[in-house]
Each structure stands twice: as C-alpha cells, then as structure tokens.
1. Two decimals, Cα atoms only, Kirkwood Rh: what is Rg/Rh over segment 1-59?
2. How long is the gain from Asp172 to Ser62 if the chain were fully straight, where each residue apart is worth 0.36 nm and the alpha carbon distance is subtracted?
3. How much FRET efficiency would the formula 1/(1 + (r/R0)^6) give for Ala126 and Arg244, where r is the Cβ-Cβ distance and R0 is 30 Å, rounded to 0.05?
4. Bins of 5 Å, beginning at zero and ending with the bin holding the largest distance: percent of Cα pairs per bin for segment 129-178, please.
5. Take peptides 155-161, 253-259 and line them up by average Cβ neighbours within 10 Å, highest first, as a rough protection proxy.
6. Per-residue HN-Hα couplings for segment 39-50, Karplus 6.51 cos²θ - 1.76 cosθ + 1.60 at θ = phi - 60°, whole Hz, x for Gly and Pro?
7. When the Cα atoms of segment 125-221 are enclosed in a convex hull and the volume is divided per residue, what value in Å³ results?
8. In terms of modelled amide H atoms, which long-range or inter-chain residues lie less than 5 Å from the amide H of Leu192?
Amino acid sequence: MGAIALRLSGAAKRYARDGRDGTVFEHVDIEVERGEVVVLLGPSGCGKSTLLRTIAGLEPLSAGRVELGEAGAAGRDRGRAIGIGFQDPLLLPWLTVAQNVKLGLRYRANRGAVPNARDAVDEILADFGLTAVAGAYPDQLSGGQAQRASLARTVVTRPSLLLLDEPFAALDPRTRAALQDWLLGVVRERRLTVLLVTHDVEEALYLGDRVALMGSRPSTIIRTWDTAHASGPTGGANGAARQRDDDRLRAVRREILVHYQTDVPASTAPSWVI
C-alpha cells in the first residue's frame, strides 16, 4: 500500500431548509493513495459534487474528518494543497489564456508555489498544448481548449491532490474521449493524485485505478472496485496506453450497472443504465 494522499472518515453532510432536515451523504469513508486516480461514480443528485466541495474546504462537513497525507504533514493549508476543476471552465473572459493560467498563482494562498511564475506558465502551456493560443481570449477557444486552460490554471499551482467535478461532461463524445486520454498522460507525467466525479460508467472504468459507487440520497459508498487495467495504473508500467475495451473490465461494468441506483420511478425505469 502506498502513501495516503487523502483520507475521508465518517463523512456526513446534513442541511436544514424551510424547516426541514435532510441528509446528502453519510458514513462515507475514502482513501486515495498518492499517484492514484480514484473515480467517484453515482447518479445525478446523489451528492458527489457536494462531497468534492467538502474535501476542498468549500463547504463544511456535518460530521467526519478530511485528512491530507503529505500535504498535511508538510503544514500546507488545504487551499494550497488541493486543486479543483469544475465542469465549466470558468475562465475570465477579459483575460487571455496565459493570463487566466497565471491567475492561479496570484492568489495569496498560492504565492510562492513556484519559484518563477512566468517560466511555470510557459511550461504548462506547452505541456497542455496551449502555446499557440496563449494570447487568445476564452471566446476564441474550442470547448476542449477552454477545459485544458482551466485545468492548466489549477495544475500550475502544483497541488498535492487534484479534485475534478465532471470536467468533460459538457463536451462532444470525440473531444471528451481525446481529453480523457490527455488527462491520463498529464497524470502520469506530472505524477498527480486525482479524485474525479462522474455519472458516466464508461468514463469511470477508463480513467480510474479504483471506482467508488455512491447510491441515492442519503448516499454512501455502496461498493468499491479495483479497476487497474491490464496495462497497469494510469497507463501502465511500460507506458502502454489503456484500452477502452479491456476484457477484464467487462465483469466489473456488469457489477456496477447492477448496483447503480437511479431516482427514475421503477415503473418506467429501463433495465439498463447509461
């Protein structure tokens, strides 16, 4: 077992609204090892994004603990140790791509994260294939370019843990598949640790070293599967690319679909889940 980058113990999120109490999730336990990609899978509305926000410190937990491994030991605050990427790129329209990427280094928590901000920005623009559009504005970018710029802004701060909230959900299937491959390459080259949220089973199986399935509200982790591919975690020890039709994952896919819950009424729900 490798070093633990994130440990979530007994996590719960409750709320009171209009005089009524509710529970989003409860009894959630997750461990993410350094260099691992863990995918949090579940139906829309089950609380995946809320859970991600509590890990990032954007919302408080009602119960339980969030512990960061190496980052906590080094005394870094959670905002500095964690980078988060959302479904929408959220680029500032009046800034160029390079300026948007550099913006992440201007926040007080991230000042000093890299010794030379300009070199760091130039390097990540090159690594993310954005050098040619460094001077372009967000409305001049394709969807894939905008999402890469958004992730570059996050990764340039060198977070210990990268949280991704359905970052490719708004993209067309071909661009989405290309960015999934690109993300695996970035994770491998930069040795990133990732917790990614999705409701897409195929995406979870392709990207994850492990997949944790959440149920309907009040949700918890129903089951976790080891989905390390025949070619090895995040691309394989020999650098081989992952295969989307990996035979070893077909049985896992069937098991996930059996346990995958939906809030569609039983009388109209299909016998399969996309």
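1. My calculation of the ratio gives 1.03.
2. Full-extension gain reported as 35.9 nm.
3. 0.60
4. The percentages, shortest bin first, are 4, 18, 29, 22, 19, 7, 0.
5. Going from most to least packed, we get 155-161, 253-259.
6. 10, 9, 10, x, x, 4, x, 7, x, 4, 5, 4
7. 122 Å³
8. When sequence neighbours closer than 5 places are left aside, there are no close amide H contacts.
The values are calculated or read from the model by the stated rules, or taken from the named source; none is laboratory data. Computed from a predicted model, the values in this text were never measured in an experiment. Ideal geometry is used to build each Cβ from the backbone, glycine not excepted, and the neighbour counts take in all protein chains shown. Protein only, heavy atoms only, side chains kept; ligands, DNA and RNA dropped before computing areas. Shrake-Rupley method; radii C 1.70, N 1.55, O 1.52, S 1.80 Å.
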